[in-house]
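Each remark here refers to the structure printed beneath this line.
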Amino acid sequence: MKKNLFIALVLCSTCAYSQKTIEADTTDYVSISKSLDAFAEEAECWTPEQKKEFAEVFFIERGKFTIPKEPIVLKSFEKP
């Protein structure tokens, strides 16, 4: 009887932990999704020059990735 009770307790604990983990992952996904949606809306207002500069900096061909020596500064995005 004690063995069955112990097994039931372990199973319930595992299920509760799994549910909590799934909820946390879902919350993170929703947050990332909202951030990407806001970014996409903002990107619609970019000028062609800004779009070109962004693409040149962040779109990388396979095998040509390098780590920048200095922080990335997008000149066309700087505010006057």
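The values are calculated or read from the model by the stated rules, or taken from the named source; none is laboratory data. The model shown is predicted, which means the values in this text are computed figures rather than measured ones. Every residue, glycine as well, gets a Cβ built from its backbone with ideal geometry; the counts of neighbours run over all protein chains shown. Surface areas here come from the heavy atoms of the whole protein model, side chains and all, with no ligands, DNA or RNA. Shrake-Rupley method; radii C 1.70, N 1.55, O 1.52, S 1.80 Å.
Observations on the structure shown:
- Checking each residue in region 34-63 for being open to solvent by less than 100 Å² (accessible area, probe 1.4 Å), within 18 Å of the chain's Cα centre (by Cα) and aromatic (Phe, Trp, Tyr) picks out Phe39, Phe58.
- Cβ-Cβ contacts under 9 Å between residues 6 or more apart (or on different chains), taken from a first residue in region 27-44 that is within 16 Å of Phe77 (Cβ to Cβ) and of a type in the set (Phe, Trp, Tyr) to a second residue that is open to solvent by 100 Å² or more (accessible area, probe 1.4 Å) and outside any helix (DSSP H, G or I), are absent.
- Selection status of Ser76, of a type in the set (Ser, Thr, Tyr) and over 21 Å from the mean Cα position of the chain (by Cα): yes
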